[in-house]
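Below is one structure, written out as structure tokens; the observations come after it.
The values are calculated or read from the model by the stated rules, or taken from the named source; none is laboratory data. Everything quoted here is computed from the prediction, not taken from an experiment. No Cβ is skipped: glycine too gets one built from the backbone with ideal geometry, and neighbour counts run over all protein chains shown. Areas reflect the complete protein model, heavy atoms only, side chains present, ligands, DNA and RNA absent. Shrake-Rupley method; radii C 1.70, N 1.55, O 1.52, S 1.80 Å.
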Amino acid sequence: MGNMACTLDGSYIQNADPLILEKLKVCKDLSDSQVASIETLLLSGKTPYGNVNTWNKQTLTDLGILPLYFTRNIWGKLKHKTKKKHLRKFMPRLRKSKTKKRKLKHLFKQMIALKRKRGAGCTVGNITQLTASDPSFPFGYDATQFDLCLDVPVLKDSLDSICEKAVYDDFQKIILKKLNQPSNLALAAVTPLLPPAQCA
């Protein structure tokens, strides 16, 4: 039955009993139309998950794999703290199940706030080895802050961890730019600074 639900079109999902969401949790992939309908259903507040504005980490956990497909329509209504707590458990699970990189990129892109207050320099917090080891990293950083808050020595010391987690294209470009700075290229003549496959 769950597999049959995965073939339903968006209009059917949108008008179905909210219990349809439980069937959709087993789907290996969802179309844009299905995702839009799932979000409409959830945003109505008429599902067992209640009003989106009241969701917590447990709610997101209970939604299973569905948050992987959410767009800003839902992520934009959740507190930063709630999202970060959820990602600490969700991201290792996604990596363990070898979730496609394009899906991880989509997730991260949808979670980034559209507008951020302009500030001079790094305002989110310097990226340290401890920051990079957090399963939710790099949540909370947009491309500008990622660039400003990531120092080259930390990048070198945590290269594998940062490359594995910072799958968003803009972040990958920043990593390569930092590794290719003239001072690093001179050092690379002695110790090659080849990034892992993820950052290549």
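Brief remarks on what is shown
- Residue-level analysis places LYS101 outside the set of residues that are charged (D, E, K, R), at pLDDT below 95 and farther than 23 Å from ASP169 by Cβ.
- Residue among PHE108, PHE137 that is closer than 21 Å to SER158 by Cβ, in contact with a helix residue (DSSP H, G or I) (Cβ under 9 Å, 6 or more places away or on another chain) and part of a helix (DSSP H, G or I): PHE108
- Residues of the stretch 77-91 include at least one that is assigned to a loop (DSSP other than H, G, I, E, B), open to solvent by 30 Å² or more (accessible area, probe 1.4 Å) and modelled with pLDDT of 90 or more.
- Flag if LEU148 is of a type in the set (A, V, I, L, M), within 23 Å of ASP169 (Cβ to Cβ) and part of a helix (DSSP H, G or I): yes
- Candidates LYS98, LYS25, filtered to the one that is loosely packed, with under 13 Cβ neighbours inside 10 Å and within 19 Å of the chain's Cα centre (by Cα): LYS98
- Counting only helices (runs of 4 or more DSSP H) wholly contained in the stretch 1-75, the ones carrying 1 or more residues that are among the aliphatic types (A, V, I, L, M) and more than 22 Å from LYS98 (Cα to Cα) occupy 2-5, 10-15, 20-24, 32-43, 72-75.
- Odd one out for THR59, checked against (1) without any contact (Cβ under 8 Å) to a residue 24 or more places away in the chain; (2) of a type outside the set (Asp, Glu); (3) open to solvent by 60 Å² or more (accessible area, probe 1.4 Å): (3)
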